[in-house]
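For reference, the structure is listed below as C-alpha cells.
The values are calculated or read from the model by the stated rules, or taken from the named source; none is laboratory data. All values reported here derive from a predicted model rather than from experimental measurement. Quick reminder, even Gly has a Cβ in these numbers, built from the backbone with ideal geometry, and neighbours come from all protein chains shown. What goes into the accessible areas is simple: the full protein's heavy atoms, side chains included, and nothing from ligands, DNA or RNA. Shrake-Rupley method; radii C 1.70, N 1.55, O 1.52, S 1.80 Å.
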Amino acid sequence: MINYFTSHFDTLRLEFWPLLVGGLASGFIYAMVAIGYTLVYGVLRLINFAHSEIFMSGGFASYFVIRAVIGTSQPSGLESILLIGLGVVSGGAAGALVAVLVERVAYRPLRRRKAPALAYLISAIGASYFLFNLAGKEFGRYLYAYPTIFVNHPVFTIFGAGVQMYYVVVAIAGVIMLITLDRVVAKSKLGRSVRAVAQDAETASLMGVNIDRTIVVTFLIGGALGGAAAFLYGITSGVIYTMGFTPALKAFTAAVLGGIGNIRGAVLGGLLLGVVESLSVAFVQGSYIDVAAFTVLVLVLLFRPTGILGERLGRSA
Amino acid sequence: MKLRLSKTVAGVASSALLLMTVPAIGLASASGAAAKPTFTIGYEGPLTGSNAQLGLNMVFAVQLAINNANKTHALPFNLKLASYDDQGSPTLSPAQASSAVHNKTLVAIVGPAFSGATRAAEPYYSAAHIATVSPSATAAALATGKKNNNFMRVVAGDDVQGAADAKFLVKTKSVKSLYVIDDGSFYGAGLAAVVAQEAKSLGASVTPNSYPESGSCGGTASASEYTAAATQIVASGATGLFYGGYYCDFGLLLGALNSAGYKGVVMSGDGSLSPALITGTSPASAANNVYLSVAGGGSANLTGKLATAYRALSHFPANNATYAAQSYDATNMIIAALKKVYKAKISVAKLRPAIITALHKLVYHGVTGKLSFQSNGDLNAKTIVDFSQVQNGQIVSVGHS
C-alpha cells in the first residue's frame, strides 16, 4: 500500500504541473459551457439538454468558416490571432443562433401553455436528438480535424512544464469571455433584468421587465459562450456530430458542482472538474478519468447538496 | 352485432390472405423453373460512423467480386450483395447479424470487419451455420480452435502482428522503454497486450495504459483525455509508443503528442492503417514518421484492371484502400465454395453449412496470395507482417518482418 502511494506520488511529482495546466484548459472550456446551463436554469428553472447540440453547432460553424478562410495557407503571427478571433466569433454566433432557435421552437410554445417541467425535459431531449442527427446527415458521421491555425509549441514553462500555445489561447479567450459575462450580468441593465427574472419572474414583469426578451437574451449569451467554447475544444479534439455529448455532460456536472444557477459557481466548478479529471490520471489508469470526475461530484454533493457556492443567480453574482 | 361484425372482418381478412398467397406460390415455382436462383452474400462492417472508411474500403471490393462473378463466371446462379452496417460496434452488431441470419437468400458473410463486433455477432452466425470470412477481424481470440469453425479470416491474427510489431520496435528501432496504450476495445486491448508481452520478453521495460474510445470517435470518453495521455507519455521518458486501436482516436492522440513535444518512435497496428488517419490528425504533420503495421500481405492492393474497376465503383483509389484486396479474396473464396456445393433446387438451409465445409477444404490463389484455412479458421500460410510509415502525409511501405 505504501509502495503504491510512493510510486504514484513519484509519477505525480513529474506530471503534476503539465497535468494541472492541461486540466485548467479543459476547465475553462467546461466553465464556458456550464454557464449556458446555469443561466438558463437560473431564469427558467430548467436544464437545457439541447445545450450539447448548441455546442456542436458552434464547432461546425467555426470549422467551416476557418477552413474556408485558411485554404492552403500556413497562418502565423497576427494572422493566427485574427483567425482565433474569427473562430471564437463564428462559433459564438452559430451557438447563439441555434440557442435562440431552440428556445423559440422547443421551449416557448410550452411556456405559453404553462406545460409541466417534465414536458420541457422531453422537448429538450427531442431537440437534442433532432439536431445531432441532422448534423450527422448533413456533414457526415466522421471526425473533421481543423487546419493548423497556429503553431502549437511551448511558449513558456512553469516549474519545468512547457505551457503550449493552445493552453495560452484557451486561457486568454476563456478569461476575457468569462470576465465580460460576469460584468455584464452584474452591472448592465440587461444583466439586471436577467437577475430580476431569475429572482422572481412575476414581480420582474410587473416592474416592466420584458420576460420573453430576457429569456431570449439568456439563451443567446449561453449559446454564444457554448459555441465559442466548441471552437476552442475542436482545435485539438476535432469536430463531429456527436462531439457535444461528453463535454456538455461534464459541463452540466461542473454547473451542479459549483451550484447550479450561480455563474461564478459554474466557472469554479468547471475549472475544478477539469483539474481533478486531469490529475486523476496520475493516480489511476486513463480509463478512469470519467469515473474520477463523477466521484468528486457525488462527494461534493454529499456534503454540499446545493453545490460549492450554492444556487443563487438572483442574489449576488 | 358486434360478434357478427368481427366474424365478417375475420372472413374478409382470411380470404384476402388466401388471395395473396396463391399467386405468390405460383410465381415462385414459375420463376424457379425459368430463371437462375439468386443468392445473397452479406457484408457486415462499419459503413457509417467515425471508422466507416475501413468498411467502405471493403464493401466496394465485395461488390466488385460479385459483379465480376455475375458477369464472367457463367455461374448457375446469380449473386447479389446485402450490406449490414454495424458501425464497427459490438453493441450494434448482434442486431445486424440477426437480420442477416433471417435473410432467406443469404448464404455466407464477408466480415464482420471489427474484432469486437465479430465476437458479439458470431453466436448468431454460428447457430445458423453461416460461414463468416473476415477480411480484417484480427483479434487472436477469435480463432477459437473449434473444429470446422464457421469463423475464418484471410488475415493473420494479432498474435502474429503484435509479436512482429514488438520486435520491430525493440530490435529494429532499439526502443528500450515502451509505452503501450490501448483503446479498451476487444481488438485494441488484445493487440496492445501481445505487443506489451512480446516487448517485455525481448528485454524492454513496458508501461501499459488504457484510454477508452473518445466521444469524438464513437466512444464516450472526453477527447481531452489525450492531453493527459500525452503528458504521461512524455513524463514517463518512454522512447517508444505503441497504440492499439483505430485511426480516429489515434489521430487525436497524435495531435496531443505533437503539442506535448513527444520525440519517440510511435507505432500502431492495422486499425490505424488508413489515409483517414492523416486527414483526421490536426495538424496533419503530427502523423508524420508514425509506423503502421498490417499482417498477412494486408497492404496488398488491388492492381491493374481490378483497381480501375474498384475506383469506378467506389470513387476512391484502390491503393491504400486497406483490406480491399482481402475483401475481394474473401468474397471470391465464398463464391468458389458456393460453386462447388451448389446443386439445382438445393435449399439455402443446406447450402449454408455446406459452404463452411467447402471453405475449409478450399485452396485459393487470390490477389493476396495462396489462401487456405486451418480448422480454427486462421490462415495456413506463414504470415509476413508489412510495415509502413507516414512520410509527408503519405503512407509509404518500409519493409516487412
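Brief remarks on what is shown
- Cα centre as origin, Lys/Arg/Asp/Glu Cβ charges: chain A dipole, Debye: 1080 debye
- Peptide B:203-211 has a mean of 2 when you count, residue by residue, the C-beta atoms of other protein chains within 10 Å of its C-beta.
- Chain A - mean residue ellipticity at 222 nm from DSSP helices (-39,500 (n - 2.57) per run, n ≥ 4, rounded to 500): -25000 deg cm²/dmol
- Top positive-direction residue, dipole computed over the stretch A:116-253 with Cβ charges, set A:THR148, A:VAL168, A:ALA127: A:VAL168
- Taking the centroid of alpha carbons for each part, the stretch A:60-111 and the stretch B:62-129 are 42 Å apart.
- Only the Cβ atoms of Lys and Arg (+1) and of Asp and Glu (-1) were treated as charged; on that basis the dipole of chain B about its Cα centre amounts to roughly 1780 debye.
- Counting Lys and Arg as +1 and Asp and Glu as -1 over every other residue whose Cβ lies under 12 Å from the Cβ of B:ALA95, the net charge comes to -3.
- Within 10 Å of the Cβ of each residue in B:182-188, the mean number of Cβ atoms contributed by other protein chains is 1.
- Amide H contacts of B:VAL206: B:LEU178, each under 5 Å away and 5 or more positions distant or on a separate chain (H built 1.01 Å from N in the peptide plane; Pro and chain starts excluded).
- Based on Cα atoms of chain A, Rg over Rh with Rh as the Kirkwood radius reads 0.99.
- Taking all protein chains as they are arranged and a probe of 1.4 Å, the heavy atoms of B:LEU64 leave approximately 10 Å² accessible to solvent.
- Separation of the stretch B:223-272 and the stretch A:225-259, taken as the distance between their Cα centroids, equals 22 angstrom.
- 10 Å Cβ neighbours from other chains, averaged over peptide A:17-24: 4
- Isotropically averaged projected area of the stretch B:159-295, using the convex hull of Cα atoms (one quarter of hull area), nm²: 6.9 nm²
- Each Cα pair of the protein assembly as shown feeds into the Kirkwood radius, which the Stokes-Einstein equation turns, at 37 °C and 0.692 mPa s, into a diffusion coefficient of 118 µm²/s.
- If you wrap the Cα atoms of the stretch B:278-401 in a convex hull and average its projected area over all directions, you get 10.1 nm².
- For B:ASP165, the shell of other residues with beta-carbons less than 15 Å away shows a net charge of -2, using +1 for Lys and Arg and -1 for Asp and Glu.
- Out-of-range pairs (alpha-carbon distance over 26 Å; input A:LYS250/B:LYS200; B:LYS167/B:LYS361; B:LYS339/B:LYS370; B:LYS36/B:LYS350): A:LYS250/B:LYS200; B:LYS167/B:LYS361
- Chain B shape via C-alpha gyration tensor axes, a/c threshold 1.5: prolate
- Karplus-based coupling profile of the stretch B:195-200, in residue order and whole Hz: 4, 4, 5, 5, 5, 4, with θ = phi - 60° in 6.51 cos²θ - 1.76 cosθ + 1.60 and x standing for Gly or Pro.
- The B-A contact accounts for approximately 2400 Å² of buried accessible area, totalled over both chains at a 1.4 Å probe radius.
- Cβ-based net charge around B:SER210, under 9 Å, with every Lys or Arg adding one and every Asp or Glu removing one: -2
- The apolar share of the surface of the protein assembly as shown, taken as the fraction of accessible area on carbon and sulfur atoms (1.4 Å probe, ligands and nucleic acids excluded), comes to 64 percent.
- For chain B, the residue among B:LEU75, B:THR91, B:LEU302 whose Cα projects farthest onto the positive side of the dipole built from Cβ charges is B:LEU75.
- Backbone phi angles across the stretch B:75-84, fed through the Karplus curve with coefficients 6.51, -1.76 and 1.60 (θ = phi - 60°), yield HN-Hα couplings of 6, x, 8, 9, 10, 9, 9, 10, 9, 10 Hz in residue order; Gly and Pro are listed as x.
- Unit charges at the beta carbon, dipole of the protein assembly as shown: most positive-side option, B:ALA223, B:GLY366, A:PRO109: A:PRO109
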